[in-house]
1. Of all residues being over 13 Å from residue 25 (Cα atoms), within 9 Å of the chain's Cα centre (by Cα) and modelled with pLDDT under 95 in segment 71-97, which is least open to solvent (accessible area, probe 1.4 Å)? Just the residue, please.
2. For segment 48-57, state whether one or more residues are in a loop (DSSP other than H, G, I, E, B), open to solvent by less than 50 Å² (accessible area, probe 1.4 Å), more than 11 Å from residue 90 (Cα to Cα) and modelled with pLDDT under 90.
3. Can you tell me which residues in segment 35-54 are touching a residue at least 12 places away in the same chain (Cβ under 8 Å) and more than 13 Å from the chain's Cα centre (by Cα)?
4. Got at least one residue in segment 59-70 being touching a residue at least 24 places away in the same chain (Cβ under 8 Å), in a strand (DSSP E or B), open to solvent by less than 40 Å² (accessible area, probe 1.4 Å) and touching a strand residue (DSSP E or B) at 6+ places or on another chain (Cβ under 8 Å)?
Amino acid sequence: MRRKAAVTFVAIMVTLSLAGVAFATHLITGEVILADPSAETLVINVQGHEMTFSVVNDNAVKDLANLKPGAKVAVGYTIGNENRPRCHHVFPWPVGG
């Protein structure tokens, strides 16, 4: 099971790295406060600070429906034109934990 989690983690990091070439992708972890698929919005608590994301990837929007407040997640994001974080990937963290 740990091997599968490690392989999944590496695959995610490679994907984010490749996306980072074009988009300067960042990765941050935190606890879900709000996940609203209809508003395409994700709000997480990062060490006591709220961070709000516009969710721009259809797969990430679908993933919001499965997130509950208190869930620990990692978010791959970029900074948009208005200096607003734009979520491209969201997944449980730690992977395989």
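The values are calculated or read from the model by the stated rules, or taken from the named source; none is laboratory data. None of these values were measured; they are calculated from a predicted model. When we count neighbours, we look across all protein chains shown, and the Cβ atoms used for this are built from the backbone with ideal geometry, even at glycine. Surface accessibility is based on the protein's heavy atoms, side chains included, excluding ligands, DNA and RNA. Shrake-Rupley method; radii C 1.70, N 1.55, O 1.52, S 1.80 Å.
1. 91
2. Step one: of segment 48-57, the residues in a loop (DSSP other than H, G, I, E, B) are 48, 56-57.
Then drop every residue that is not open to solvent by less than 50 Å² (accessible area, probe 1.4 Å), which leaves 57.
From the residues that got through so far, the ones that are more than 11 Å from residue 90 (Cα to Cα) too are none.
No, segment 48-57 contains no residue that is in a loop (DSSP other than H, G, I, E, B), open to solvent by less than 50 Å² (accessible area, probe 1.4 Å), more than 11 Å from residue 90 (Cα to Cα) and modelled with pLDDT under 90.
3. As a first pass, look at segment 35-54 and keep what is touching a residue at least 12 places away in the same chain (Cβ under 8 Å): 35-37, 40-42, 44-47, 50-54.
Result: 36, 37, 47, 50.
4. No, because not a single residue in segment 59-70 is touching a residue at least 24 places away in the same chain (Cβ under 8 Å), in a strand (DSSP E or B), open to solvent by less than 40 Å² (accessible area, probe 1.4 Å) and touching a strand residue (DSSP E or B) at 6+ places or on another chain (Cβ under 8 Å).
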